[in-house]
Amino acid sequence: MSLVGKHIEAFETDAYYDYEFKKVSEQDFLGKWSVLVFYPADFSFVCPTELEDLQEQQEALGALGVVTYSCSTDTHYVHAAWHQESPAISKITYTMLADPSWQLARSFDVLDEEAGLAQRGTFIIDPDGVIQAVEITADGIGRDASQLVDKIKAAQYIRDHPGEVCPAKWKQDGETLKTGVDLVGKI
């Protein structure tokens, strides 16, 4: 069952952010746009390339008012150690959520219970805590964080312009479509 259009579930977890440990809950997601990126494991291979790529998009995401979170089933202690040791991960300025109890991975339906790891899942969450977009890929397929920027711009646009939709390859200030019976079969 798709999670698009569903509210995120209540949670509280430990996190690593700005060289400190803190608590994060679903309340931190409310009132702003958020991106939550699950990945299998710290100290791995594809994961640091993805998280570094996500860091490279922080300026663009921040300009859109988006707060970024990454999450694996590792602890916040492991996140801190990885941040201190990895050249790629040491660049990260966003919050790294810990999910050793698997609560988050389960609630976002990205948990591989046999492996005890999260799958590669990306979630765009609106200021009401409603999931607007989901992308899940196989373990060996790294994601391109630059694609998030256009998806978030589209999600923000349709939130602000009810009755309009963004066509394929839509870019900000591009043409949108107004839904209605007179458009059916005309595209």
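Every read-out reported here was derived from the displayed coordinates using simple, explicitly stated rules and does not represent laboratory data. Keep in mind it's a predicted model, so treat the numbers as computed, not measured. We place every Cβ from the backbone using ideal geometry, glycine too, and count neighbours over all the protein chains shown.
For Q119, the residues 5 or more places off, or on other chains, whose built amide H falls under 5 Å of its own are L111, D112. Between K169 and S2, the FRET efficiency from the beta-carbon distance, with R0 = 25 Å, is close to 0.65.
What share of the DSSP beta bridges in the chain is antiparallel, in percent to the nearest 5?
Numbers: 24 of 34 bridges.
DSSP beta bridges in the chain are roughly 70 percent antiparallel.
Note on segment 43-111: Kirkwood hydrodynamic radius from all Cα pairs is 12.7 Å, rounded to one decimal. How far is the Cα center of segment 1-28 from the Cα center of segment 31-82, in Å? So the two Cα centres are separated by 12 Å.
Could you sort 173-180, 100-107, 86-93 so that the peptide with the highest average Cβ count within 10 Å comes first and the rest follow in order?
Result, highest mean Cβ count within 10 Å first: 100-107, 86-93, 173-180.
Quick one: compute a quarter of the convex hull surface over the Cα atoms of segment 99-152 and quote it in nm². Computed as one quarter of the Cα hull surface, the answer is 4.3 nm².
Using the Cα atoms as the points, what is the convex hull volume per residue of segment 101-187 in Å³?
Working: hull volume 12.6 nm³, N = 87.
Dividing the Cα hull volume of segment 101-187 by its residue count gives 145 Å³.
Of all lysines in the structure, the ones whose alpha carbon falls short of 29 Å from that of K171, not counting any fewer than 8 places away in one chain, are K6, K32, K91, K151, K153, K186.
Compared with the dominant principal axis of the Cα atoms in the chain, helix 76-85 is inclined by about 80°. Relative to the longest principal axis of the Cα atoms of the chain, helix 46-56 runs at roughly 60 degrees.
Provide the percentage of antiparallel DSSP beta bridges, counting only those with both residues in segment 16-115; round to the nearest 5. Please report the intermediate quantities before stating the final value.
Values: 3 of 13 bridges.
The answer is about 25 percent antiparallel.
With everything on Cα atoms, drop me the angle between helix 146-160 and the longest principal axis of the chain, reported from 0 to 90° to the nearest 10. Taking Cα atoms only, the helix is inclined about 50 degrees.
Rg and Dmax of segment 12-162, both derived from C-alpha coordinates alone, stand at 14.4, 47 Å.
The relative contact order of segment 12-162, computed from alpha carbon pairs under 8 Å that lie at least 6 residues apart in sequence, is 30 percent.
Rounded to the nearest 500, the 222 nm mean residue ellipticity of the chain from helices alone is -7000 deg cm²/dmol, with -39,500 (n - 2.57) taken per DSSP H run of at least 4 residues.
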